[in-house]
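The values are calculated or read from the model by the stated rules, or taken from the named source; none is laboratory data. Values in this document were obtained by computation on a predicted structure and should not be read as measured data. Note: ideal-geometry Cβ built from the backbone for every residue, glycine included; neighbour counts use all protein chains shown. Please note that ligands, DNA and RNA were not included when accessible areas were found on the heavy atoms of the full protein model with its side chains. Shrake-Rupley method; radii C 1.70, N 1.55, O 1.52, S 1.80 Å.
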Amino acid sequence: MRVSGALEAAGTSVPLVFDASVRVIDGELELEATTTVGQRRFGMRQGPFRNVRPPTKLHVKARLVRERPE
């Protein structure tokens, strides 16, 4: 599955597009994806402690659950 959206960090939003795997678990959909994003896209620079190291790995795992009636 191709996923597109925006990632927000440090008050800045950047568009992302990446592939995700989809599987069915107990009748619900689970999505999992890993991509990289450069922190400089958010305006982050290396600070005095050199703690900003591009690129950063982003891993997402989500399960889509049906809303159950109350």
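Per-structure values
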read-out: Unit charges at the beta carbon, dipole of the chain: most positive-side option, THR36, PHE49, PHE18; value: PHE49
read-out: Computed Kirkwood radius, in angstrom, where 1/r is averaged over Cα pairs of the chain; value: 14.3 Å
read-out: With DNA, RNA and ligands ignored, accessible area of MET1 (1.4 Å probe; Å², nearest 10); value: 130 Å²
read-out: Net lengthening on full extension, ARG68/ILE25 (0.36 nm per residue, minus Cα-Cα); value: 13.8 nm
